[in-house]
Each structure stands twice: as C-alpha cells, then as structure tokens.
1. If amide H atoms are built 1.01 Å from N in the plane of the peptide, which residues on other chains or at least 5 residues away come under 5 Å of the amide H of S174?
2. Just flag the GluC sites (Glu not before Pro) in the stretch 418-469 sitting in loop per DSSP whose Cβ has no more than 15 other Cβ atoms within 10 Å.
3. Which loop trypsin sites (Lys or Arg not before Pro) in the stretch 258-330, with loop taken from DSSP, have no more than 14 other Cβ atoms within 10 angstrom of their Cβ?
4. Restricted to Cα positions, what overall size does the stretch 146-239 have along the principal axes? Three whole-Å values, descending.
5. Working from the pairwise distances between different alpha carbons, so that the mean of 1/r is found and then inverted, what is the stretch 207-346's Kirkwood radius in Å?
6. What are the ³J(HN,Hα) couplings of the stretch 126-135, residue after residue, when phi is run through the Karplus curve with 6.51, -1.76, 1.60 and θ = phi - 60°? Round to Hz, x for glycine and proline.
7. Distance from a point 7 Å along Cα→Cβ of K473 to each backbone N in the stretch 124-147: keep the residues under 12 Å and list them by number.
8. Using Cα-Cα distances under 8 Å and only pairs 6 or more residues apart, what relative contact order does the chain have, in percent?
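What follows draws every value from the coordinates through simple rules; no lab data is involved. Here the structure is a predicted model, which means the values were calculated and not measured. Positions of Cβ are backbone-derived with ideal geometry, glycine not excepted, and every protein chain shown enters the neighbour counts.
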Amino acid sequence: MKKILNFINGEYIESVQGLFLDNYEPATGIVYSQIADSDSADIEVAVQAASVAFTLWSKTSPEERCAIMLRIADGIERRLEEFALAETIDQGKPLWLSKVMDIPRAVQNFRFFATEIVHFSTSAHTDSGSLNYTKRSPIGVVGCISPWNLPLYLFTWKIAPALAAGNCVIAKPSELTPITASMLGEVCREAGLPSGVLNIVHGLGNKVGAALVEHPAVKAISFTGGTSTGAAIAQSAAPKFKKLSLELGGKNPNIVFADCNFEEAVVQSARAAFTNQGEICLCGSRIFIESSIYESFKKRFLEEVSKFTVGDPLDTKTKQGAIVAKVHFDKVMSYIELAKEEGGSILCGGKPFVPEGRCEKGWFIEPTVIEGLSYDCRTNQEEIFGPVVTLTPFDTEEEVLMMANSTKYGLASVVWTENVRKAHRVAEQLQAGIVWINCWLVRDLRTPFGGVKDSGVGREGGVEALRFFTEAKNVCIKY
Ligand code: NDP
C-alpha cells in the first residue's frame with residue numbers, strides 16, 4: 001500500500017516513531033494509502049532543517065525566489081491531470097472540479113506571490129528634519145496549517161506568500177487529505193527549492209499540529225480550519241507572542257431581493273450552496289428570499305438543485321461527489337435530523353445517497369433544501385459544512401440584515417439586487433469580511449481575504465499576506 005511520508009530537508013522520510021495512519025478514499029470508504037503519524041519529535045527535526053535553510057533563503061533576492069516559485073507553478077501545471085486525480089481520490093470532489101478549480105488555483109497561488117514579491121514595496125515618511133523608512137524582513141521559521149476541503153488550493157495559498165517573503169515553512173495538511181501536499185514536495189525539489197525551505201509534516205492535528213504551534217522556534221502560524229480549533233491554537237500561541245492569522249468557519253447569508261436578476265440569482269445560489277458538496281467556507285448556506293418572490297424562487301431553485309447529480313467523483317456527469325470522511329458524513333446527517341426536530345420541512349434530499357458499483361460503500365449525501373425554520377434555530381446558526389441549505393422569507397431590508405447578522409460568524413455574504421443604492425447600503429451593514437454582489441466566489445487574489453467575529457483574525461491575500469509574513473522595522477534618520 002502507498003505510504004505518504006514526511007518531506008523534511010528535501011527528503012521523504014518516515015516519522016521518527018515509524019507510525020502510520022490509514023487514509024481513506026471517501027467515494028469508496030476504502031483505505032487506499034497510509035500517512036506518516038508524526039509528533040513533536042518530527043517537528044523538532046523539521047525546525048532544525050528549516051532554521052539552517054533560513055540563513056541562506058532569507059538572503060536570496062526577491063527575483064531569485066520569484067524564479068524558483070514560477071518553476072514550482074509550472075511543475076504543478078505540467079502534472080495537472082495527475083494532481084487533479086489524486087485530489088479527487090483523496091477528497092471525494094468531482095474530478096472535473098479538481099481540474100478546473102483546485103489545481104489551477106494552486107498554480108495561480110504560486111505565480112501570484114512569485115510575481116507579487118518583486119513588486120512589494122515599503123513606505124517612507126518625511127517631515128521637517130527627519131526621514132522614516134520601513135524595512136520588511138522575513139520572520140524566520142513559520143507554520144502553515146490547512147484543512148481538507150480545498151487541500152492543495154488552501155495549502156499553497158499559505159505556503160506561497162510565506163516562501164516569497166523569504167521565510168522557511170513547516171506545513172501540515174489535514175490528515176484527511178495529505179496526498180497532493182505530499183506531491184508538492186517532489187515539484188519543489190525539481191524546481192530547485194533548496195532543502196529545508198519547505199518541510200511538510202503529516203499527522204493528527206491535536207498531536208503534530210499542536211506540536212508545531214507550540215514549538216518556540218516557530219515564530220508565526222497561519223491557520224485555516226474550524227473556529228474551535230482556531231481558538232485552541234490562539235490559546236497556545238498567544239503566551240509565546242507568535243504572529244497569528246486565523247481563517248475560520250462561516251455560516252454565510254445569501255440574500256435574494258425581489259428586484260434581482262431572477263435566473264442568475266437562482267443558478268448562482270445553487271452553485272453557492274452545493275459546489276464541492278457544500279464544503280467551502282464561503283458557501284451560502286442560509287438563503288433569504290424576499291417574500292414576494294419566495295414561492296417562484298423556491299420552485300425554480302429546486303429545479304436547479306435537481307441538476308446536482310450525486311455520484312462517483314470520477315464520472316464526468318457527477319456534479320456532487322462524496323463527503324470527505326465518515327465522521328463528517330455523520331455530522332452532516334445529524335444536522336438534517338436536528339433540522340427536522342426543529343420543525344423544518346425537507347424540500348429535497350435529506351438522505352444518504354448510495355450509488356451502484358464501486359462507490360456503494362462511499363459517503364454520499366443528497367443535496368438538501370430545508371424551509372420552515374426560524375432564523376435563530378441551531379440549524380441556521382451552526383456551521384454544517386455540507387450539502388444542506390435553508391430557505392427563509394423576509395419582508396424588509398432591516399429584517400433580513402438582522403437575520404443575516406445574527407450568527408457568531410462573519411466570513412462571506414452574497415446579495416442579489418439590481419438596485420445599486422440598495423446594494424451599497426446592504427453591503428455596508430453586513431457583518432462580513434467579504435460581500436459579493438450579484439456573484440459568488442469571484443476572486444481577485446490582490447484583495448484582502450478573511451472574516452470578522454468568530455470567522456477569524458487577520459487577512460490573507462495580496463499585500464496583506466506579504467505583510468503578515470514579514471516583520472516591519474522603522475528606521476528614523478534626523479537630518
Ligand atoms: P479543523 O479545524 O478540524 O482542522 C484544520 C487543520 O488544523 C487540520 O490540518 C487539522 O489537522 C489541524 N488541527 C486540528 N487540531 C489542531 C490543533 N490543536 N493544533 C494545530 N492544528 C490542529 O478544520 P477542518 O479540516 O475540519 O476544516 C473545516 C473547517 O475549516 C470549517 O470550519 C471551515 O469553515 C473552515 N475553513 C475556513 C476557511 C476560511 O478561509 N475561513 C476556508 C476553508 C475552511 P487534522 O485534520 O489532522 O485534525
């Protein structure tokens with residue numbers, strides 16, 4: 001059986017203890033590989049390698065780093081088909097989605113930050129008699145921890161700016177989806193990334209992930225994952241005064257006003273609900289519809305949802321693949337049961353889906369649409385992170401803003417209206433780090449990305465990411 005090893009100091013090696021964890025294919029429910037089950041001893045080895053590498057990497061010019069990172073992007077792109085297949089087998093998402101979204105975005109992440117670093121500039125301030133200039137230097141050894149929903153996409157979203165800024169990285173992918181992260185090591189080696197600059201350590205979050213956060217030589221942590229894990233990481237990192245970037249959970253509102261472009265709102269709301277099995281932190285899982293179009297929207301939306309055919313992720317006809325793990329499958333199903341207990345009516349789905357053939361033991365859930373719930377019930381307040389959405393009518397702008405802002409989260413939000421004044425007014429009042437008007441998941445990598453309230457601390461993307469991964473020093477000269 002294939003063994004996924006740690007990538008430390010440019011070499012693939014077993015964990016110090018020689019232990020392994022099973023890695024499942026979600027579409028079949030079968031163990032198909034084993035991954036290194038690492039702990040603090042492996043973090044120690046990685047920290048040693050990264051610290052040595054930092055003395056040279058931190059002194060390379062932005063142009064040298066750019067050239068290597070562009071070769072990494074090319075290397076992933078050359079193997080796009082292979083990466084996409086590996087991602088789909090490991091995560092359960094449709095193969096076509098891996099090909100058009102996950103892997104191209106990983107390529108783009110490296111290209112974007114490779115070129116951004118050569119344009120990165122600092123500020124200078126003058127007054128009568130003094131000049132201040134700000135120098136930005138790499139931090140040192142940094143930790144990047146990423147989740148399972150968009151494995152290589154989010155892994156590289158953190159690693160690329162960290163490397164571009166001149167840091168050495170110890171990265172931990174989710175134990176549920178380690179394979180493409182592991183393949184990235186090969187690409188980095190071929191592209192000429194010096195040994196020890198990027199180290200990839202596999203294993204359990206509460207074991208090796210926690211050890212990475214706790215290590216005193218790791219000066220910053222960039223984390224994407226659940227809100228409760230983020231809180232645990234903050235608790236461990238704060239007394240050591242580490243720099244922290246936390247991208248956490250969401251329960252995003254999708255607001256449909258009666259004056260929207262109806263067809264576009266229906267089609268894109270379905271996409272925002274069920275893309276990647278609803279396992280995207282940005283998915284619009286609470287759909288609020290102005291009462292005058294509620295029934296017509298519901299009818300057309302259900303027609304659109306019926307096109308989300310569930311099945312084998314390798315089948316080109318499949319629109320929705322498998323749920324990443326049995327434990328997550330059980331969690332999503334428990335929320336559907338909770339929704340029924342809370343008085344919700346299931347308009348479609350609500351059940352596991354059992355495909356015929358090779359996927360009969362996989363973890364699939366039908367796209368599920370629920371109505372009749374109060375905005376403040378648990379189903380509408382807690383993150384489900386699966387193919388489940390609720391429909392809720394509203395009468396006024398004030399009412400929908402109150403309901404939209406009622407959760408502890410504040411990551412993304414979506415608004416559908418053709419009235420430009422209303423669009424700006426509502427955007428202003430939504431408690432969210434990201435507002436999409438008449439679109440969803442349109443991404444410009446230069447923009448700040450992140451959430452407010454329990455959805456996180458700090459911003460990723462563009463210049464924000466380079467600022468996070470550098471330390472500022474102001475130099476003042478009196479003349
Ligand atoms: P988790 O918080 O469970 O895990 C995220 C990562 O952290 C994994 O690599 C995990 O390892 C690791 N980890 C777990 N516990 C610790 C710990 N104590 N110390 C250090 N690392 C730890 O999230 P999921 O993987 O379940 O991802 C889903 C969540 O991620 C959802 O809440 C979603 O909203 C959020 N998310 C947020 C995004 C954003 O940009 N705001 C984007 C995408 C997802 P292991 O897998 O081994 O447990």
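1. S146
2. E418
3. Details: sites: R271, R286, K298, K299, R300, K307, K317, K319, K326; in loops: K307, K317, K319.
Filter output for the stretch 258-330: K307, K317.
4. Here the spans come out as 38, 27, 20 Å, largest first.
5. With all distinct Cα pairs of the stretch 207-346 included, I get 18.1 Å.
6. 10, 9, 6, x, 9, 10, 10, 10, 10, 9
7. Label zone hits: 134-139.
8. With pairs under 8 Å counted, the relative contact order is 19 percent.
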